[in-house]
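Each remark here refers to the structure printed beneath this line.
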Amino acid sequence: MTEGIKGEKNLKKAPRPKPRVDMEDAETAVLAKIAEMPESDRVLGDRLHAIIKAAAPTLSPKLWYGMPAYARDGKVVCFFQSAEKFKTRYATLGFMHEANLDDGALWPTAFALKELNAAAEATITALVKKAVN
């Protein structure tokens, strides 16, 4: 204990243990979150989920700030943000600093998504594979 203002005793709080969620429950939660989205975001979210799982099976799905995300060793590598969540005109596929996308002094870490076609899917597959290597 330490003394604070006017002699009050301040107790240092012990960190809360993180809840343990197995991978099946986490994936179920991600799929449920995607299912709640409006149709345009739901279509993107479902397809992204399949692309990411196929490109990087070592990533674990999880909810991150209420968004579908994919993590390695508990740290988020990439995430999907629906357009509705922040009332924007496009959904976002984002990559965190855990992603190995470094390319010189400047590289993109977020991509706007309006629809997925074969070219976009190929780009996302390549980005996800690079992110985990």
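Each value in this text was obtained by applying a stated rule to the coordinates, not by laboratory testing. Keep in mind it's a predicted model, so treat the numbers as computed, not measured. Cβ atoms come from the backbone with ideal geometry, glycine included; neighbour counts cover every protein chain shown.
Can you check what the net charge comes to around THR125, using other residues whose Cβ is under 14 Å from the Cβ of THR125 (Lys, Arg +1; Asp, Glu -1)?
Its environment carries a net charge of +3.
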In region 43-133, what is the volume of the convex hull around the alpha carbon atoms, normalised per residue and reported in Å³? 99 Å³
Which loop chymotrypsin sites (Phe, Trp or Tyr not before Pro) in region 58-107, with loop taken from DSSP, have no more than 11 other Cβ atoms within 10 angstrom of their Cβ? TYR65, PHE86
Would you kindly derive the ³J(HN,Hα) couplings of region 90-98 from the backbone phi angles with the Karplus curve 6.51 cos²θ - 1.76 cosθ + 1.60 (θ = phi - 60°), listing them in order in whole Hz, with x for Gly and Pro? 8, 7, 10, 9, x, 10, 8, 5, 6
Inter-centroid distance (Cα atoms) of region 87-110 relative to region 23-73, Å: 17 Å
Taking 0.36 nm per residue of separation and subtracting the Cα-Cα distance, what length does fully extending LYS130 through ALA118 add? 2.5 nm
May I ask you to evaluate 6.51 cos²θ - 1.76 cosθ + 1.60, the Karplus curve with θ = phi - 60°, for each residue of region 33-47 and list the ³J(HN,Hα) values in order in whole Hz, giving x for glycine and proline? 5, 4, 5, 6, 6, x, 3, 4, 6, 4, 4, 4, x, 4, 5
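What FRET efficiency do you get for PHE111 and THR58 if R0 is 22 Å and r is their Cβ-Cβ distance, rounded to the nearest 0.05?
Working: r = 21 Å, r/R0 = 0.97.
For PHE111 and THR58, the calculated efficiency is 0.55.
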So, counting K/R as plus one and D/E as minus one, what does the shell of residues with Cβ under 14 Å around ALA99 add up to? 0
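Distance check, please: which entries in LYS53/LYS87; LYS33/LYS85; LYS53/LYS130; LYS33/LYS87 exceed 19 angstrom between their Cα atoms?
Numbers: LYS53/LYS87 27 Å; LYS33/LYS85 12 Å; LYS53/LYS130 14 Å; LYS33/LYS87 17 Å.
Those over the limit are LYS53/LYS87.
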Env charge @ GLU39, Cβ radius under 13 Å, K,R +1 / D,E -1, value -3
